[in-house]
Amino acid sequence: MGVLSPWFLVGLAGLGIPIYIHLLRRQTTTPRPVSSLMFFERGIQSSTRHRRLRYLILFALRAALVCLVVLAFADPYVQRAKVGANDRLLLLVIDNSFSMRAGTHFADAKQAALHVLASKLPSQRAQIITLGGQLEVLTQPIQDMQALRSALESIQPGDSRGNFGELGRGIRALNETAHAPIDLHLFSDMQKADLPANFADVVLPANVSLILHPVIQTAGQAPIPNWTVESVEAPSQLADQKDPKKSYARAVVAGYGTPAATRTVSLFINGKILATRKLDVSANGRASVEFSPLDVPYGFSRCEIRIDSADAFAADDASIFTVRRSDPERVLLVHQAIDSRSPLYFGAALAAAAESSFVMQSVSAEQSTDIDPTKYAFVVLSDALVLPTLFENALAQYVRGGGGVLIAAGTAAGHHAHIPILDDSVHHAHDYSRSIGFASVGQVDLTHPAMQQGGDEGKASADNTGWADLKFHYVSVVDPSHDRVIARLADGTPLLLDRQIGEGHVLFFASGLENLTNDFPIHPLFVAFIDHAARYLAGNEQLSGSRLVDSYIPLRASSARSSDQMGNIEIIDPEGHRPLSLSEARSIQSYQLKHSGFYQIRFSNGREALIGVNPDRRESDLEPIPDDILQLWRGTSGTQPVPAIHQTPATPENLKRASLWWYVMMLALAVAVAESIVAGYHLGTQREEV
Amino acid sequence: MMQRFLDPAVLASISSLDLLAKTVVDGFVAGLHRSPDFGFSQEFAEYRAYTPGDDLRHVDWNLFARTERCYLKRYRGETNSQLTILLDASNSMNYTSGQPGFGPPTKMDYSRYLAASLFYLAIHNQRDAAGLIVFDDEVRDYIRPSTRQGQMHRLLSGLERAEPVARTNLAKPLAHFQELLHRRGIAIIISDFYESPESIVRTIEPLRFHGNEVVLFHVLDPKEIRPELRGPAILVDLETDERLEVIPEYARTDYRRKIDHHIEQLRSRTRAAGMDYYLLVTDQPLDSALRDYLAIRGGR
């Protein structure tokens, strides 16, 4: 501690004022004349002592006030360590993405983080964050070494795909709330695949110092060789295991930084090896292998394709999926009695598509009275808008319970304004054959599940490219305000609508399924559409197959019945735990698949699903980020990193002066107030004496 | 209005004692109600049967003409009294707690106003003979009681001359008083009476034995009754120059008790001795003193 303006200390001579007033100055009272001393008595000694004692507190306050004011002008300071030691936030980010399971990467990263944490100053705050698919904050900025260490040791490797862009966004958000400079220590394998497409996403704020702790050598070394099962193509649902077109599993084995080698690929069904193949994989290349037929028993089968890679990253040597084998499900087609074309076209398309999973049963509308729609995978109303009341009510209940219905409005819609189930009406009908001849499709929503398959956008796009070639002659016009419009004609007339009712879906096709109102049924695109629509309406797509880690699975509709009418949803994760609480089981709408393995799901309508979840295979490419990009990333962060945060010796270079004059002045103010109060008390006493 | 004229602080601004006395007395008289005791000019009292030797000038001849009886008219005797004021001019009378121009006047000035007002009242209103004795430890000045022309002027001059120079000693001048006061009258003693009540009464009592009406006007400054000390102070006796350091606590408690006891003793003892005692505080108007004088004068 010292003072910046020592000359002001001369002002301490002002202490003499209260000393003189209180201690030195004698009571130099002017003698007061009185008529006679006849009634007076002497009282000198007690008066002096009394006076001195009474003003002792006042004297102390006045002396303190003088001292504090002088001290404030002298500008006292204390030496403090500079920002960068105690004031900087030590942020430890541990990459626990799937690729960190390779070799000892994760253990090395953890060890390095523990080492950095051990060198933390006792008064410095630190925070632990993990980086997987998203940032997960394990601790708040705290100084408690024990809590930080236990948080660090509790981190386990995950199955998510790392994303440095998410790190950049998270740190930028954190920097807005934490006003202190941040030392960001990143412990990662610096996987190139984790970099976002846009480098701006990883740019860090100016006051964040990025210190990289790569767990692998990034400079001048070849990437770690790694073989993986890159993808598996297999049916999620299988009706006929003898069908060579459907009953197969095709796997692609990829090598990253690998030499040419022969790998053994095995297919496991429910834990037993079904088949084994030898596969030659070129250097740094890919090769595919097919297992056919897929001999799976009825029900759900847990399948796995595994290679004997013998590399350092064993976790990605297998890919899992599930196959649900069942007899073909029945589909009910309700048509007008005079309509024989739509059963023909629809039945042919259904048989050609949908992996032979469906068998069509067609009835006329008049014959549908006693039919129970719950026995069917989905129901098609082909221009059958006049239904028996009994069947219509059963159908509405069927949809609310989760069933699917495809309604095709042919020429009959023009005569019957009411559309069953939808409780909507046909405003009017466009008969293009009388005006412009035909109308073509102008807009298609290819993101809708009924228009694509398995999330492969490129494939879906290829399947739907023919929509513009279709010719529609007769189209019913309905109000699309409550529906999702999947396709529109060139003049904006809604062609294909999707409406959710309860747990189920209704697809409304504004034209017919025969070749009179349009040429769709004789177009090859019709088969693909029927294939997708059948899977979407049957709802079987989500019951089996495979997903990626961190993907979401829809569990119930958001606009479903009130929660007390809902049934519970049960999920069993790969470890055999039930991750949902009771309240979540009654209200959850979607669930994120966070771990790899088999998830068992029981929906509220009683249907069961078994889904295989695999990590994103981009994690298998262990190629690190090039050094020049790392340098660029470091360069975008703010100040130079603090190289050593060990117990920094308090050298003059590491210390800064923190002025205390403000605190001293505030103390002087408080003393002045106290002095005023005490002095006022004494004056009050004197007035009382008068 | 009367209060304003009789306020000692206002009177202090009047330099002429004559004017001062006139102002005080005229203002005071104008404010009085007519009293049956007031006025002692010739008044008819009673008839008395003539006896040989009576002065024939007092025979009521009108009555004799109507009734042929000889009666004498008797009148209320017109008695001119004699007022003698004994003014203490010791140094202690120079005390005032006020500043020059502010606050109450000195006890000496107050006594002068009082004496001048009494003289004016006696001479102009009552036609009494008035005299003055100024004393401290001796008789400093003596003006014989008289009703002659110019007596008022002589008395006021005597008051002007009376300047405190020494300490009080009642015993010594009192011996001369008895020689000087050979005729019965009213003797008014104006002093601060800083002596023991016993010695005061013992000294003044002989005046009473001569048939005088003795009145003690005890003049004190308000701060002598309720002294104010903000802290320990050194006090100087105006008569003896003796110094004494006194603490405020004593002045607040013991002193007040003692001075109150002194006043009470003085009052009770003088009353017991057949004398009248009045305490006059210098910040109070003079009318009470004048009223007391008239009450005594009316009784004679």
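Based on this model, can you work out whether A:Ser97 counts as open to solvent by less than 40 Å² (accessible area, probe 1.4 Å), at pLDDT 80 or above and within 14 Å of another protein chain (Cβ to nearest Cβ)?
Numbers: open to solvent by less than 40 Å² (accessible area, probe 1.4 Å): yes; at pLDDT 80 or above: yes; within 14 Å of another protein chain (Cβ to nearest Cβ): no.
In short, no.
Just give me the residues in segment A:288-305 being more than 20 Å from A:Gln542 (Cβ to Cβ) and either within 30 Å of the chain's Cα centre (by Cα) or aromatic (Phe, Trp, Tyr) (or both), in sequence order. Result: A:Phe291, A:Glu304, A:Ile305. Scan segment B:80-128 for residues that are within 14 Å of the chain's Cα centre (by Cα), within 14 Å of another protein chain (Cβ to nearest Cβ) and of a type in the set (Phe, Trp, Tyr) and jot them down. Within segment B:80-128, B:Tyr110 is the sole residue that qualifies. A:Gln143 satisfies every condition listed in (1) open to solvent by less than 50 Å² (accessible area, probe 1.4 Å); (2) in contact with a Lys or Arg (Cβ under 6 Å, 6 or more places away or on another chain); (3) within 26 Å of A:Pro205 (Cα to Cα) except (1).
When we screen A:Ala206, A:Ala200 for residues that are in a loop (DSSP other than H, G, I, E, B) and closer than 28 Å to A:Gly635 by Cβ, the only hit is A:Ala206. Which members of segment A:388-410 meet the condition of being open to solvent by 20 Å² or more (accessible area, probe 1.4 Å) and more than 21 Å from A:Tyr536 (Cβ to Cβ)? Residues satisfying the conditions are A:Pro388, A:Thr389, A:Leu390, A:Glu392, A:Asn393, A:Ala394. Taking into account only those residues within segment A:231-285 that are open to solvent by 30 Å² or more (accessible area, probe 1.4 Å), under 23 Å from A:Ser301 (Cβ atoms) and among the acidic types (Asp, Glu), which is nearest to the chain's Cα centre (by Cα)? Once the filter is applied, the top-ranked residue is A:Glu233.
Scanning segment A:223-237 for any residue that is part of a strand (DSSP E or B) and either free of Cβ contacts under 8 Å to residues at least 12 places away in the same chain or more than 30 Å from A:Pro624 (Cα to Cα) (or both) turns up at least one such residue.
Kindly indicate whether B:Phe193 is among the aromatic types (Phe, Trp, Tyr) and either surrounded by 19 or more Cβ atoms within 10 Å (Cβ to Cβ) or within 14 Å of chain A (Cβ to nearest Cβ) (or both). Yes; evaluated as a whole, the condition is true for this residue.
The set of residues in segment B:161-190 being modelled with pLDDT under 85, over 30 Å from B:Tyr255 (Cβ atoms) and surrounded by fewer than 20 Cβ atoms within 10 Å (Cβ to Cβ) consists of B:Ala175, B:His176, B:Gln178, B:Glu179, B:Leu180, B:His182, B:Arg183, B:Arg184.
A count restricted to segment A:369-404 and to residues that are closer than 21 Å to A:Ile530 by Cβ and polar (S, T, N, Q) stands at 1.
Each row is one residue, and each column tells you yes or no for (1) more than 9 Å from chain A (Cβ to nearest Cβ); (2) under 24 Å from the mean Cα position of the chain (by Cα).
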{"site": "B:Leu216", "(1), (2)": "yes, yes"}
{"site": "B:Leu220", "(1), (2)": "no, yes"}
{"site": "B:Glu224", "(1), (2)": "no, yes"}
{"site": "B:Arg230", "(1), (2)": "no, no"}
{"site": "B:Ala233", "(1), (2)": "no, no"}
{"site": "B:Val236", "(1), (2)": "no, no"}
{"site": "B:Glu239", "(1), (2)": "no, yes"}
{"site": "B:Ile247", "(1), (2)": "no, no"}
{"site": "B:Arg252", "(1), (2)": "no, no"}
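For segment A:323-369, the set of residues classified as open to solvent by 20 Å² or more (accessible area, probe 1.4 Å), aliphatic (A, V, I, L, M) and within 45 Å of the chain's Cα centre (by Cα) consists of A:Ala348, A:Ala351, A:Ala352, A:Val359, A:Met360, listed by residue number.
Scanning segment B:188-212 for residues that are closer than 23 Å to A:Val34 by Cα and either within 17 Å of the chain's Cα centre (by Cα) or part of a strand (DSSP E or B) (or both) yields a count of 6. Considering the conditions (1) part of a helix (DSSP H, G or I); (2) over 15 Å from the mean Cα position of the chain (by Cα), B:Asp141 is excluded by exactly one of them, (1).
Here is a yes/no grid of residues against (1) charged (D, E, K, R); (2) modelled with pLDDT of 85 or more; (3) surrounded by 16 or more Cβ atoms within 10 Å (Cβ to Cβ):
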{"residue": "A:Ile486", "(1), (2), (3)": "no, yes, yes"}
{"residue": "A:Asp491", "(1), (2), (3)": "yes, yes, no"}
{"residue": "A:Arg499", "(1), (2), (3)": "yes, yes, yes"}
{"residue": "A:Ala510", "(1), (2), (3)": "no, yes, yes"}
{"residue": "A:Phe520", "(1), (2), (3)": "no, yes, yes"}
{"residue": "A:Phe526", "(1), (2), (3)": "no, yes, yes"}
{"residue": "A:Asp564", "(1), (2), (3)": "yes, no, no"}
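The values are calculated or read from the model by the stated rules, or taken from the named source; none is laboratory data. No experiment lies behind these values; they were computed from the predicted model shown. Positions of Cβ are backbone-derived with ideal geometry, glycine not excepted, and every protein chain shown enters the neighbour counts. With ligands, DNA and RNA removed, areas are computed over all heavy atoms of the protein, side chains included. Shrake-Rupley method; radii C 1.70, N 1.55, O 1.52, S 1.80 Å.
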